[in-house]
Each structure stands twice: as C-alpha cells, then as structure tokens.
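What follows is a short report on a single structure.
The values are calculated or read from the model by the stated rules, or taken from the named source; none is laboratory data. These numbers come from a predicted model, not from an experiment. Reconstructed Cβ throughout: ideal geometry from the backbone, glycine too, with neighbour counts over all protein chains shown.
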Amino acid sequence: MTETPDGVEVRPYEPGDAAAFWELKRGFELGLGAGTGGDDKLSTYEAKLTDDYRERYLSWVERCATDDPGCVVVAEAVSGDGDSDGGIDSDDGVDNGDDDANLVGYAFALPEEMTFIWDAAVLNELFLDADYRGTGVADELMGAVLDHVRSQDLPLDRIVLDVDEANGRARAFYERYGFDHWGELVARDL
C-alpha cells in the first residue's frame with residue numbers, strides 16, 4: 001500500500017470495491033469509445049456494457065484478484081485519518097456502514113497464469129478519473145503494477161499493453177515508462 005501526496009491510497013482490489021470499480025470500468029470503456037473513435041466506436045462500447053457483462057466482468061476481476069493477489073490495484077481517495085469516508089453518507093451525515101469505496105482509478109495486470117498469452121506480463125487496463133489525471137496517481141498505479149508483475153514467473157521479462165494510437169495522453173504516459181512499439185495488433189469483426 002502506498003499513499004500519494006494527493007491523499008489517494010493505492011491498494012489491492014477487495015470484493016467490496018465492486019460497485020465503485022464498475023463505475024470506473026464504465027468510464028474506461030466509454031472513454032475508449034468517445035475518445036479514440038467516432039460515433040460507431042462509442043455505440044459499440046456502450047452496447048456491450050449490459051448487466052450481464054457487468055456481472056461476468058466483476059466475477060472475472062474477483063477470480064483474478066483471488067488467484068493472483070495484487071494483479072488488480074485500486075486508487076482510493078482517503079480522508080486525513082486514512083479511512084475512505086469513514087462510512088459517513090455525505091447526503092445525511094449518517095454512518096450507515098455500507099458506503100462504497102471512493103475509487104478514483106485502477107490498474108489491472110493479468111494474473112500470472114495468463115502470462116503465456118503474450119509470453120509476458122500484460123497490463124490489461126489502467127484508468128484514472130479525469131479529476132485525478134496529472135496528480136501522480138497514475139504513476140502510483142503503474143508502480144504498483146510493475147512491482148507486482150516483477151514477482152510473476154514470466155516466460156519473457158517484459159510487460160505489454162494495447163493502447164489506441166489515437167490516445168495521445170496514454171501513449172505519452174506509457175512512453176515515459178519506457179514502453180516502445182513491439183509488434184502490431186490487428187483485429188476484425190467476427
């Protein structure tokens with residue numbers, strides 16, 4: 001666990017994070033659609049975000065985090081005492097104990113058992129709420145992912161990811177970490 005100067009704690013994913021994690025995942029998917037393509041791409045990404053997809057995705061996240069603890073990390077905004085919001089409901093000031101975590105970002109490296117897909121570690125997703133971009137939180141998430149995948153038994157000592165060429169901000173971020181062009185990903189409709 002680390003805490004950024006911005007009051008955000010980076011920690012492993014926990015089952016209680018599911019609802020807040022899903023909202024970030026939606027932001028990731030809709031950002032891909034809106035930010036790196038036209039209306040067709042956005043509608044394609046919007047259409048997949050069904051209740052069934054949400055359930056299946058969160059179940060998969062849970063399995064990955066259970067099978068390889070640390071492969072999914074979250075960034076949680078915390079108060080000065082180290083708790084998220086202390087269970088206080090901001091609308092009525094009542095501690096009802098069931099508030100979701102105040103997640104502002106996440107990073108998801110595929111579990112070690114999947115390293116043979118690319119013969120390397122795979123950074124599946126890294127996403128940060130727009131309000132926290134440029135604050136150093138993404139660096140903390142990347143650091144946590146790199147620390148974790150270094151502990152994996154990899155066929156090649158390498159980490160790979162897929163980043164859309166139209167996403168200049170993400171490309172610049174990854175280049176800062178030494179990511180370089182390595183092959184080319186191609187796709188087609190089924």
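Is there any pair linking a residue in the range 165-190 that is farther than 17 Å from Asp40 by Cα and surrounded by 12 or more Cβ atoms within 10 Å (Cβ to Cβ) to one that is of a type in the set (Ser, Thr, Tyr) and modelled with pLDDT of 95 or more, with Cβ under 8 Å and at least six apart or on different chains, and which?
Cβ pairs passing all conditions: none.
Might you let me know whether the range 163-180 holds any residue that is of a type in the set (Val, Ile, Thr) and over 21 Å from Leu30 (Cα atoms)?
No, every residue in the range 163-180 fails to be of a type in the set (Val, Ile, Thr) and over 21 Å from Leu30 (Cα atoms).
Restricting to the range 140-178, give me the number of residues that are part of a helix (DSSP H, G or I), within 17 Å of the chain's Cα centre (by Cα) and at pLDDT 95 or above.
The qualifying residues number 12.
Could you give me the residue pairs with C-beta distances under 7 Å whose first residue belongs to the range 1-30 and is part of a helix (DSSP H, G or I), whose second residue is at pLDDT below 90 and small (Gly, Ala, Ser) wherever it lies, and which are 6+ apart or on separate chains?
Hits for this filter: Gly16/Ala101; Asp17/Ala101; Ala20/Ala101.
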